[in-house]
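Bear in mind that the values in this text are calculations on the coordinates, not laboratory data. What you see is a predicted model; the values in this text were computed from it and never measured. Cβ placement follows ideal geometry from the backbone for every residue including glycine, while neighbour counts extend to all protein chains displayed.
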Amino acid sequence: MLQKIVCIALPGMAPFEFGVICEVFGIDRSDSNGPSFDFHVTAAEPGAIRTKLGFDIIVHEDLSAAADADLIAIPAYQAGVAIHPEILRVIREAEARGAWVLSVCSGAFVLGAAGILDGRRSTTHWMYTDDLARAFPLTSVDPDVLFVEDSNVVTGAGTAAGIDAALHIVRKELGAAAANNIARRMVVPPQRDGGQSQYVQPPATDCPSDSFAAITEWMLAHLDQELTVDQLARKNLMSPRTFARRFRAELGTTPTAWLNRQRLLRAQQSLEETDWSLETIASDTGFGTASVMRHHFLKVLQTTPTAYRRTFGARQVG
């Protein structure tokens, strides 16, 4: 169960990325049926921690709070600032006992210095991926994703992708409803898939930035139907090739991958909130059959619809 969260404040840390961790995990949202965590901000040497922007944050707790944490979170920090060896020890011990470890942006370098990225996939901000790969050659760095999860170690890309990475952990541990509650309160999208590109090319001048708002809204309203790229392209008055290219340029993923992600999200919500049969949910979400839905659950979520409902459904229906 994801309950105790420890964010480690680092000298030279980036205030926004630190704030992302505090915002996702540090606010009691029980008044709106959302989660409430036992949240701690700690430091190797409590006191004034100078941020990357030159102002100080006062931290009162030392690293002892991390000994039984369910999640250790590391914000972005200024490259080149020395990492206290006790921080590296805490990270190694958390990984060894199976706790979640999360880094945001350049925080991945701290995880690398702790040795827990060796043999794992990872990512960081696209500006630093080459540096991360050179510094830690035993990790496989993916420069074109929002976040990577590899055996309870989650590395997020730059800035807002830290929100996606943090919500991913909440969703895995507490279910879609809990993650959606946090996202709604933060006024952010409830799910951007980890495989989505972190660097999205600006749209062409003849393709305004809101050009896909109407078609994606229509797609969400018709998830139960078979939606092909040809059909979507015709509806958007484009050729299939142009539609697919521009969709990926603006949304960072393919139309098919986007559809499958939305279908999974709706299926997760239905499994949590209804007692519908698996076949009914599969039909309602556009997967067609329970076996196809099961395939996508296993591929993306590493669990089955039945196991997902067993874990999260009772909290919503019971």
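For this structure, a couple of remarks:
- MRE, 222 nm, helices only [DSSP H, n ≥ 4, -39500 (n - 2.57), over the chain, to nearest 500]: -12000 deg cm²/dmol
- Bridge type composition, the chain - antiparallel percent by DSSP, nearest 5: 30
- Amide H contacts for V154 (H built 1.01 Å from N in the peptide plane; partners 5 or more residues away or on another chain; cut-off under 5 Å): V101, L102, S103.
- Lysines with Cα under 21 Å of K299, excluding same-chain neighbours fewer than 8 positions away: K172
- With Cα atoms as the point set, the radius of gyration and Dmax of the chain evaluate to 20.5, 61 Å.
- Backbone amide hydrogens, once placed in the peptide plane, bring M13 within less than 5 Å of K52, Q78, excluding anything fewer than 5 places away on its chain.
- Its residue count N fixes a reference of 2.2 N^0.38 Å for region 1-128, and the Cα radius of gyration divided by that reference is 1.01.
- Exposed-site-free run, longest, the chain (rule: chymotrypsin sites (Phe, Trp or Tyr not before Pro); DSSP loop; at most 16 other C-beta within 10 Å): 200-275
- Tilt relative to the chain, helix 85-96 - C-alpha long axis, 0 to 90 degrees, to 10: 40
- Normalised by residue count, region 229-318 yields a Cα convex hull volume of 102 Å³ per residue.
- Value in Å of the Kirkwood radius, where region 71-191 supplies the Cα pairs that are averaged: 14.3
- Whole-Hz Karplus values for region 151-162 come out as 6, 6, 10, 10, 10, x, 7, x, 6, 5, 5, x Hz, taken residue by residue from phi with 6.51 cos²θ - 1.76 cosθ + 1.60 and θ = phi - 60°; glycine and proline positions read x.
- Across the chain, the relative contact order, built from alpha-carbon pairs under 8 Å that are at least six residues apart, equals 12 percent.
- The aspartates and glutamates whose alpha-carbon is closer than 15 Å to the alpha-carbon of K52, local same-chain residues fewer than 8 away aside, are E17.
- Leading residue at positive end of dipole, the chain (Cβ point charges), from T304, T216, M186: T216
- Region 53-125: relative contact order as a whole-number percent, Cα under 8 Å and 6+ apart: 33
- Dipole magnitude of the chain about its Cα centre (Cβ charges: Lys, Arg +1; Asp, Glu -1), debye to nearest 20: 720
- Taken over region 207-270, the convex hull of the Cα atoms encloses 79 Å³ per residue.
- Length-normalised contact order of region 82-170 in % [C-alpha pairs under 8 Å, at least 6 apart]: 31
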